[in-house]
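Here's the structure we're looking at; comments come further down.
The values are calculated or read from the model by the stated rules, or taken from the named source; none is laboratory data. Predicted model, so just to flag it, every value in this text is computed and none were measured. Positions of Cβ are generated from backbone atoms using ideal geometry, with glycine treated the same way; all protein chains shown enter the neighbour counts. Please note that ligands, DNA and RNA were not included when accessible areas were found on the heavy atoms of the full protein model with its side chains. Shrake-Rupley method; radii C 1.70, N 1.55, O 1.52, S 1.80 Å.
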Amino acid sequence: MSYEEAFPAELKEYYRRLFGEEAEEIMASLRTPVEKYYIRVNTLKTSRSKLMRILRKEGLKPKRSPYLEEGIYFEREGPNFPDDYEPGLHVVRANKFASESVYQGAMLYAPGVLQADKKIKPGDEVEIRDPRGLLVGIGIARMSAKEMIVSTRGIAVEVTLPKFRLPSLSELESFKEGLFYAQSLPSMVVARILEPSEEELIIDMAAAPGGKTSHIAQLMQNRGEIIAIDKSKNRLRKMEKELKRLGVKNVKLIHMDSRKLPELGIEADKILLDAPCTALGIRPKLWESRTPKDIEATARYQRHFINAAIKSLRKGGVLVYSTCTLSYEENEANVKYMLSKGLKLEEQSLFIGSHGIGLDGVQRFYPNRHLTQGFFIAKLRKV
């Protein structure tokens, strides 16, 4: 099954129109996990060199990011077997979410199992496939077929040969102590471009799960005030735990739909709008279900957030707009919309991506060129 089959026909067409010949490379890259898996050193608690020593003791091979002093990455292993590999073992089928995890080296837990060959018993070597039949890994069954289906917890298959392997971090002591946060490189670049300082009032409009918020906090050395907004109570609860783990103290969480931000009557110095998007840049994509119709609808939806941000920004204030998607409508077209509302593009202090499509001064990350997620960043000033 090639990467071609992972994308709906009209999305493939859309990509080919937008990216030309590069579309094929982009889609093939999206199918695989990132080549460099990044974490952000939590400088509120430790330094990069200290954390690297600790991670080596924990059995990992960390490398320094050349771009960010708080960046560390690990090299991806794999692919460990070819696309057309047929191991001929009993099959366990996993849901899309669990399959994407196994594909990158995670264990297969019972809640992720959709079906299992009835003959499977503990100790058997099995192959794990996604709902469409893609082989994502091979492992040893730790439950019988029946247990896998009925259990609500526990490891169903111990994965011994995933398609790719990224380091597993959440069990590490250094993680529990809050010494780092797993975050993609472009996503770290966002807070750097915002250039927050402690005398400024900063708003993060779609803040949970808290990666960018906590990065802003560490750049402000836990001083000043950040208002972090999210409309999901559940995500905010998780974010609160995350901020606690990281020792972040200068964030005020607000549960609301940030399209209503002007109702708070706040004038912010800087606003980060990491807009809800079609997430077309997220890797790995075993398969994609979004179509150009979703792109158009999402771009329209984003303008409500953009309007709220512009209203809540003081004159001379800065808006950083970012997405983890590849489309033109959600990125450059929405920046042009902001320019039509009287905002001006600002130069970005850290530029390691590519220029925009028909628009200079914005930063795009391509999965095939930059070995990252697909990502977009614009910095604008209200003049």
request  = Name, by its number, the condition in (1) of a type outside the set (A, V, I, L, M); (2) touching a Cys at 6+ places or on another chain (Cβ under 6 Å); (3) over 19 Å from Leu30 (Cβ atoms) that does not hold for Glu330.
outcome  = (3)
task = Could you grab me the full set of residues in the range 180-210 that are touching an Asp or Glu at 6+ places or on another chain (Cβ under 9 Å), of a type outside the set (D, E, K, R) and open to solvent by 10 Å² or more (accessible area, probe 1.4 Å)?
result = Tyr181, Ser187, Pro196, Ser197, Leu201, Ala206, Pro209
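Having 3 or more residues that are aromatic (Phe, Trp, Tyr), surrounded by fewer than 17 Cβ atoms within 10 Å (Cβ to Cβ) and in contact with a strand residue (DSSP E or B) (Cβ under 6 Å, 6 or more places away or on another chain) is the bar; report the strands (runs of 3 or more DSSP E) wholly within the range 311-367 that clear it. It would help to see each step written out before you state the result.
Values: elements: 313-323, 343-345, 363-365.
Output list is empty.
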inquiry  = Would you confirm whether or not the range 260-270 contains a residue that is open to solvent by less than 70 Å² (accessible area, probe 1.4 Å), farther than 17 Å from Ser322 by Cβ and free of Cβ contacts under 8 Å to residues at least 24 places away in the same chain?
reply    = yes
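Does the range 45-54 include one or more residues that are open to solvent by 70 Å² or more (accessible area, probe 1.4 Å), within 30 Å of Leu179 (Cβ to Cβ), part of a loop (DSSP other than H, G, I, E, B) and in contact with a Phe, Trp or Tyr (Cβ under 7 Å, 6 or more places away or on another chain)? It would help to see each step written out before you state the result.
Step one: filter the range 45-54 for residues open to solvent by 70 Å² or more (accessible area, probe 1.4 Å), giving 45, 50, 53.
Add one more test, that the residue is within 30 Å of Leu179 (Cβ to Cβ), and what stays is 45, 50, 53.
Narrowing further to those that are part of a loop (DSSP other than H, G, I, E, B): 45.
Now drop any that are not in contact with a Phe, Trp or Tyr (Cβ under 7 Å, 6 or more places away or on another chain), which leaves none.
No, every residue in the range 45-54 fails to be open to solvent by 70 Å² or more (accessible area, probe 1.4 Å), within 30 Å of Leu179 (Cβ to Cβ), part of a loop (DSSP other than H, G, I, E, B) and in contact with a Phe, Trp or Tyr (Cβ under 7 Å, 6 or more places away or on another chain).
Within the range 285-298, identify whether any single residue is of a type in the set (Phe, Trp, Tyr) and buried (at least 18 other Cβ atoms within 10 Å of the Cβ), and answer yes or no. Step through it out loud before you land on a result.
So the first thing to find is which residues in the range 285-298 are of a type in the set (Phe, Trp, Tyr), and the list is 287.
From what is left, the residues that are buried (at least 18 other Cβ atoms within 10 Å of the Cβ) are 287.
Yes: one or more hits.
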message = Out of the residues in the range 155-166 meeting the condition of being touching an Asp or Glu at 6+ places or on another chain (Cβ under 9 Å) and open to solvent by 30 Å² or more (accessible area, probe 1.4 Å), tell me which one is nearest to Ser101 (Cα to Cα).
response = Arg165
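Take the range 24-56 and flag every residue that is aliphatic (A, V, I, L, M) and under 22 Å from Glu100 (Cβ atoms). If you could, list the steps in order and put the result at the bottom.
Narrowing the range 24-56 to residues aliphatic (A, V, I, L, M): 26-28, 30, 34, 39, 41, 44, 51-52, 54-55.
Once the filter is applied, which keeps residues that are aliphatic (A, V, I, L, M) and under 22 Å from Glu100 (Cβ atoms), the range 24-56 yields Ile26, Met27, Ala28, Leu30, Val34, Ile39.
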key: Among residues of the range 24-42, those that are crowded, with 18+ Cβ neighbours inside 10 Å and not in a strand (DSSP E or B), counted   = 9
query = Inside the range 84-140, can you point out the residues that are surrounded by fewer than 22 Cβ atoms within 10 Å (Cβ to Cβ), more than 23 Å from the chain's Cα centre (by Cα), of a type in the set (A, V, I, L, M) and in a loop (DSSP other than H, G, I, E, B)?
reply = Leu89
task = Can you run down the residue pairs with Cβ atoms below 7 Å, 6 or more apart or on separate chains, where the first is in the range 344-363 and in contact (Cβ under 8 Å) with a residue 40 or more places away in the chain and the partner is of a type in the set (S, T, N, Q) and in a strand (DSSP E or B)?
result = Gln348/Gln363; Gly353/Gln363
query = Restricting attention to the range 368-377, which residues are in a helix (DSSP H, G or I) and open to solvent by 50 Å² or more (accessible area, probe 1.4 Å)?
reply = Arg369
request  = Filter the range 141-154 for residues that are open to solvent by less than 10 Å² (accessible area, probe 1.4 Å) and either assigned to a strand (DSSP E or B) or among the charged types (D, E, K, R) (or both) and give the result.
outcome  = Ala141
query = Which residues, taken from the range 188-222, are more than 21 Å from Leu236 (Cα to Cα) and among the charged types (D, E, K, R)?
reply = Arg192, Glu195, Glu198, Glu199, Glu200
ask   = Only one of these conditions is not met by Glu35: (1) farther than 22 Å from Lys212 by Cβ; (2) out of contact with any strand residue (DSSP E or B) (no Cβ under 9 Å at 6 or more places or on another chain). Which number is it?
value = (2)
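Conditions tested, residue by residue: (1) β-branched (Val, Ile, Thr); (2) not in a loop (DSSP other than H, G, I, E, B).
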site: Glu240; (1), (2): no, yes
site: Lys244; (1), (2): no, yes
site: Lys249; (1), (2): no, no
site: Ile271; (1), (2): yes, yes
site: Cys277; (1), (2): no, no
site: Gly281; (1), (2): no, no
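Output the residues belonging to the range 68-83 that are over 30 Å from Pro131 (Cβ atoms), surrounded by 13 or more Cβ atoms within 10 Å (Cβ to Cβ) and not β-branched (Val, Ile, Thr). Spell out how you get there, then give the answer.
Just the residues of the range 68-83 that are over 30 Å from Pro131 (Cβ atoms), to begin with: 68-73.
Still in the list and also surrounded by 13 or more Cβ atoms within 10 Å (Cβ to Cβ): 68, 70-73.
The answer is Leu68, Glu70, Gly71, Tyr73.
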